[in-house]
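All remarks here apply to the structure that follows.
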Amino acid sequence: MKLSFREDGKRLIVISIAALLMALNLNTFVHTGGLYPGGVTGLTVLLIRVFSVYFGVNLPYSVVNILLNAIPVYIGFRFIGKKLTLYTLYLILLSGFLTDIIPSHAITSDLLLISIFGGIISGVVVSLCLLSNANTGGTDFIALFISQKTGTDSFNIMLGVNVVLLTTAGLLFGWDKALYSILYQYVSTQVVHLLYRRYQSTTLFIVTNKAQEICHVISEVSHHGATILHGEGSYSNSEHAFVYSVVSSAEIRTVLKSVKETDPDAFINLIRTEQLSGQFYRPPTE
């Protein structure tokens with residue numbers, strides 16, 4: 001586990017901002033709207049409300065959240081990445097502390113607005129953490145573990161798991177808040193899909209006269225291989241090389257820039273890849 005003062009310092013700053021946004025979101029939208037955000041955070045909120053309503057005991061958010069994250073943190077440290085887990089543990093501790101000390105403040109009482117904008121902020125927080133080699137803990141560890149094993153984006157699976165949790169909340173405290181919470185979680189998941197694309201893939205079809213150079217560029221930039229085919233243009237009746245490759249969607253902008261620099265006249269078609277089978281390189285998680 002290598003440490004870089006400059007890079008790790010930047011990551012800690014971003015994760016600290018994410019922790020602050022997470023705490024503000026919980027105290028501004030989630031708590032004041034009576035929502036359940038899903039995952040371990042949602043389970044923490046649910047348990048706190050159960051003890052408050054049924055037993056008259058007010059549990060501190062930070063303590064409950066840390067205890068519930070113990071097993072997911074172990075999974076992350078053991079199977080995903082040590083540095084990622086340490087960053088995540090820092091986020092869990094800081095966000096829990098900030099959630100306890102920042103007072104709740106209602107911006108709006110409209111539950112639809114709370115669900116949508118709270119979900120957007122939640123998705124941004126999760127994406128910031130993932131892009132900084134961390135996550136928000138809990139089910140995010142499970143999602144990353146499944147993604148590493150299968151090579152596919154598994155956050156929709158976690159959305160299904162969260163629906164089960166939110167159904168429990170609906171049975172205990174009423175369906176209105178539970179259904180709005182499902183909307184909140186759906187919006188959050190879609191924002192993550194939009195901003196974090198490590199486990200999404202894009203297929204490249206490139207018509208070019210510099211096939212070997214472009215294959216070399218793709219390999220250098222993304223560590224992915226390519227296949228060269230040969231065809232004939234129907235309009236000009238001239239022969240062209242046809243480069244086929246699949247790269248991570250997170251790398252697509254860099255790959256396209258390098259390809260266009262190599263051959264400004266290249267014709268490029270991008271197709272979203274739904275599923276892959278076989279060897280596909282992904283950078284290891286620290």
*DSSP loop (so not H, G, I, E, B), at most 16 other Cβ within 10 Å: list which chymotrypsin sites (Phe, Trp or Tyr not before Pro) in the stretch 215-286 pass both filters.*
TYR235, PHE280, TYR281
*Each label point is 7 Å from the Cα along the Cα-to-Cβ direction; what then is the distance between the points at LEU12 and LEU113, in nm?*
3.9 nm
_Degrees separating the helix 82-101 axis from the principal Cα axis of the chain, which is the longest one_ = 40 degrees
*Could you tell me which of the pairs LYS83/LYS260; LYS82/LYS149; LYS10/LYS82 are separated by over 24 angstrom between their Cα atoms in the structure shown?*
LYS83/LYS260
*Taking a cut-off of 23 Å between Cα atoms, list the lysines near LYS257, but don't count ones fewer than 8 places away on the same chain.*
LYS210
_Fluctuation leader among THR202, THR254, THR139 - the chain, Gaussian network, Cα springs under 10 angstrom_ = THR254
*With axes computed from alpha carbons, what is the tilt in degrees of helix 211-222 against the longest principal axis of the chain, rounded to the nearest 10 within 0 to 90?*
20 degrees
*Who wins for biggest fluctuation among ALA211, ALA18, ALA143 in a Gaussian network model of the chain, springs between alpha carbons below 10 Å?*
ALA211
*Go ahead and estimate [θ] at 222 nm for the chain from helices alone: -39,500 (n - 2.57) per DSSP H run with n ≥ 4, summed, over the residue count, rounded to 500.*
-19500 deg cm²/dmol
*asked:* I need to check one value: relative contact order of the stretch 200-286, counting alpha carbon pairs closer than 8 Å and at least 6 residues apart, in percent.
replied: 43 percent
*Residues with beta-carbon under 13 Å from that of PRO264, excluding PRO264: net charge, scoring Lys, Arg +1 and Asp, Glu -1?*
-1
*Which whole-number percent gives the relative contact order of the chain, counting Cα pairs below 8 Å spaced six or more residues apart?*
20 percent
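No lab work stands behind these numbers, since they all come straight from the coordinates. Everything numeric in this text was worked out from a predicted model, so none of it was measured. Counting neighbours? That spans all protein chains shown, and the Cβs are built from the backbone with ideal geometry, glycine included.
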